[in-house]
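Structure, as structure tokens:
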Amino acid sequence: MKQAIRVTVFVAALCGIVFPALLTLFGQLLVPDKAEGSLVQENGKFIGSELIAQPFTSKQYFHGRPSAVDQLAGASAGDNLAASNPKLGTKMAELQKQNQVDGASLPDDALVTSGSGFDPHISVDYALVQAKRIATARDLSREEVRKLITKEAGTHDYVNVLRLNLALDRSKS
């Protein structure tokens, strides 16, 4: 019995204290920015994380993916609607109607929620669909907004919404 208790205490200490401490140490040494949560600062003030979506609702900003939990950090979840569920089709049709721009079809990431509800990225296609609204709200040309999207996306087919909105704020408006 004593040996079982010793083994249990040893394994608990190893898995609950030693391993997490080593993992934290290696994270801090090898990738400190990621270990700190990829926090974004603007003028010395923390404004968000590159890894967690934030709700942007103003017409002047790019909007992220729909979220089943409204990007509330304490409630990570998807909507868990299967493709065969009629509620998913109804929900997608409502989102399409609410967000339709220039008669264009919206890309999938504008119509379905992310698995966690915190996806910080949108596709370049979804960003481009929003360009007219943002250009109008900020009195910019659509081409200026499109160039900004392309610049922020780089070689990727997606863009970080927080970074894109910060770049938009830094551009002339």
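Taking the listed residues Ser76, Ser141, Ser171, the one that is within 30 Å of Asn43 (Cβ to Cβ), among the hydroxyl-bearing types (Ser, Thr, Tyr) and at pLDDT below 70 is Ser76, with no other qualifying. Taking residues in region 34-57 that are free of Cβ contacts under 8 Å to residues at least 40 places away in the same chain, and partners anywhere that are part of a loop (DSSP other than H, G, I, E, B), the pairs with Cβ atoms closer than 6 Å and at least 6 places apart or on different chains are Ser38/Glu50; Ser38/Leu51; Pro55/Gln71. Look at region 14-33: where a residue is assigned to a helix (DSSP H, G or I) and a partner is open to solvent by less than 70 Å² (accessible area, probe 1.4 Å), sitting 6+ places away or on another chain with Cβ atoms under 7 Å, you get Gly27/Ala35; Gln28/Ala35. Considered as a group, the residues in region 36-64 that are outside any loop (DSSP other than H, G, I, E, B) and open to solvent by less than 50 Å² (accessible area, probe 1.4 Å) include one that is farthest from Thr113 (Cα to Cα), and that residue is Val40. Which residues, counting only those in region 111-160, are crowded, with 20+ Cβ neighbours inside 10 Å, touching a residue at least 60 places away in the same chain (Cβ under 8 Å) and charged (D, E, K, R)? Asp119, the sole residue that qualifies. What about Ala4, is it farther than 30 Å from Val161 by Cα, of a type in the set (Gly, Ala, Ser) and open to solvent by less than 80 Å² (accessible area, probe 1.4 Å)? So Ala4 passes the test.
The values are calculated or read from the model by the stated rules, or taken from the named source; none is laboratory data. As the structure is a prediction and not an experimental result, all values here were calculated from the model. Every residue, glycine as well, gets a Cβ built from its backbone with ideal geometry; the counts of neighbours run over all protein chains shown. The area values use the complete protein model at the heavy-atom level, side chains included, leaving out ligands, DNA and RNA. Shrake-Rupley method; radii C 1.70, N 1.55, O 1.52, S 1.80 Å.
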